[in-house]
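Read-outs: derived from the displayed coordinates by stated rules, not from any lab. Nothing here was measured: the structure is a model prediction, and the numbers come from that model. Backbone-built Cβ (ideal geometry, glycine too); neighbour counts: all protein chains shown.
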């Protein structure tokens, strides 16, 4: 009936070649190169890297700063992702209401923080919480809530909370938009059937909206894991690169950056990079497993 | 078959590309350009400034200073063009630019600058600055009139001169005369010097000031200003024989800083922040650490209204130094003769240095010019109403250039970070030392830390 012959010229390969060249140059080569120098001691100068075997990896496994940075990153990420999901979902449900007026305005307002660059937000927050003359301190003192300026960056809880809240503020609008798209994809019949059966809004949310959005929630958590584990800009700027107080806000990428570019340990910096790569791979694999398990909801 | 063939061809092609890219990158970082022996052996003949022609590229990190240096050179060498490129060192941008260009083996300018904080690292970077002690530069023959400490800092670990500086940066305590007169009863630099001469007298003066002003005026803007004084007046470098060493002066600093913070005798403002700059013009913070260049770049620029009003005075209770900029010829330069002429002009040309001192108020490193300006009573800086050469001049011989090590900036950052936690009362002095050593060890793993 139909000819089984499909034209298989080699032109196609030429067309996709530029992509592979760029991939090889900017992604694959740097990864391989990082792995190569992670076995060396190198200060980044023209003196060639010195091969030191697994020494860097031995150091990494017992490195208190690295282990601390993993813990810090997770704590601050959880402090951000949980409220981010709750607010994103809540606002998406509210702003998906057909009869609500001014929806467009609020969607825009809530999404706005996400289009500001991280560095600008970091700088803004730095000035807001600055001790002793930051705006928040001045405000709290003017209203008589505190008598002495509060040093946010010398309290572990306050410093971590500041970073988590900042990231939440930047990202809940993004989550909201994704959830709204998810809600739009739920067949209207489900809602109609529920309404006909006499379900109230709360029951509709728990029994229809939320279960149908489960894959979307998982998608968001997975993408956020990658973003969260590579957290850098905001804590770097707010804590002036140090991850204070006492390295309790030092993230993995900050440690990598400081080791490599502020302390010129390129070899060990690459080892931290490999460690980070492995950790992200593990967590993403776990997250994907969970998603696939729940694929039945799709 | 054809499909397999194509697959194989494609796979081979990809492998070839990958290998090519890898080998290109994995090849040894570019060797330092080999200096042409002919050039080295060439005798430098006496030329007049007009005889020099060509274009130089010059990297600097300060927009206020870099272009002025180039302009001064071009004014005397009319046939030379200096193309200045400024990269601020915010987040180490300048340092990383220089380091990566040296590593890449190309892209370096003919002449580049290094600041006190990182000059020792730069002079020891292989492939960075050319050896100025060697022929044809023979810098050793020219630096006899330069302040020894400025020359020593520009030497690498083998003792070769790699960079030179035109300025010296002894420091004093800059204070607002009106506040001193009102609350301390005098604005005389000699009397203020006596009031700040010892840790005990600093605390006593700070308490008097607080009491007299009903808590409105603090002695120092922040502890970091006092840190500069103490760190500059150490007698032991941070690193000795590859061992991390804490000078007893720094422990003395810890004690005094804690008292000042706990009793609210200093403003707690971090240096170089906008609040710190704004406080220069206020009536609430009396004193800053002011090295020679600070009169212009800390006081005058932040208190423009009083820049010529002599509102400030400089006391010199504890000799210290801070900052300074060095310049050297890049090993990659293809125009080393002209590049050296530029460096030589900036650091050793007496006429230029006299003009530079008079035009900018900078404290130059040329001993003859220092003597000349010290004896000129009419050479008064309007910002502080003092002859700055008479104020800072006696200190230049007390500064030890060997105090600087290539690790100083990393240690400074670590020290100030842990200091904030100590001053906030979250750790005691013993824990301060533990945390500091832990941080320094993590930052510089090669150091021996006991």
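Observations, loosely collected:
- Fraction of antiparallel bridges per DSSP, the protein assembly as shown only, in percent to nearest 5: 70 percent
- Extension gain for the segment residue A:86 to residue A:35, taken as residue separation times 0.36 nm less the Cα-Cα distance, is 14.5 nm to one decimal.
- The Cα center of segment A:210-229 and the Cα center of segment A:63-77 differ in position by 22 Å.
- Label-to-label distance, nm, for residues given as residue B:188 and residue B:201 (7 Å Cα→Cβ offset): 1.3 nm
- Residues B:192, A:27, arranged from fewest to most other Cβ atoms within 10 angstrom of their Cβ, appear as A:27, B:192.
- Each of B:187, B:430, B:89, B:255 has some number of other Cβ atoms within 10 Å of its Cβ, and from fewest to most they run B:430, B:255, B:89, B:187.
- Each of residue A:10 and residue B:92 was given a label point 7 Å from its Cα along the Cα-to-Cβ line. The distance between the two points is 4.7 nm.
- Folded to 0 to 90 degrees: helix B:93-104 orientation relative to chain B principal axis, Cα: 30 degrees
- The calculated FRET efficiency for residue A:124 paired with residue A:240, based on their beta-carbon distance and R0 = 22 Å, is about 0.95.
- Helix B:2-26 vs. chain B, principal-axis angle (Cα, 0 to 90°, nearest 10): 50 degrees
- When you restrict to C-alpha pairs under 8 Å that are six or more residues apart and normalise by the size of segment A:1-101, the relative contact order lands at 11 percent.
- Label point distance in nm, residue B:251-residue A:25, each placed 7 Å from Cα along Cα→Cβ: 5.8 nm
- The listed peptides A:208-220, A:8-20, ordered by packing as a protection proxy, come out as A:208-220, A:8-20 (highest mean of other Cβ atoms within 10 Å first).
- Within 10 Å of each Cβ in A:30-36, the average number of Cβ atoms from other chains: 2
- Distance from the alpha carbon centroid of segment A:169-206 to that of segment B:300-377 works out to 70 angstrom.
- Helix B:66-76 vs. chain B, principal-axis angle (Cα, 0 to 90°, nearest 10): 80 degrees
- In terms of other Cβ atoms within 10 Å, A:133, B:366 run from fewest to most in the order A:133, B:366.
- Annotation for segment B:54-130 versus segment A:233-298: alpha-carbon center distance of 34 Å.
- The mean number of Cβ atoms from other chains found within 10 Å of a Cβ in peptide A:121-134 is 2, as a whole number.
- Inter-chain shielding of A:64-76 (mean C-beta neighbours from other protein chains, 10 Å cut-off): 1
- Relative contact order [Cα under 8 Å, 6+ residues apart], segment A:27-297, whole percent: 32 percent
- Diagonalising the gyration tensor over the Cα atoms of the protein assembly as shown and scaling each eigenvalue by 5 before taking the square root yields semi-axes of 53, 39, 23 Å, largest first.
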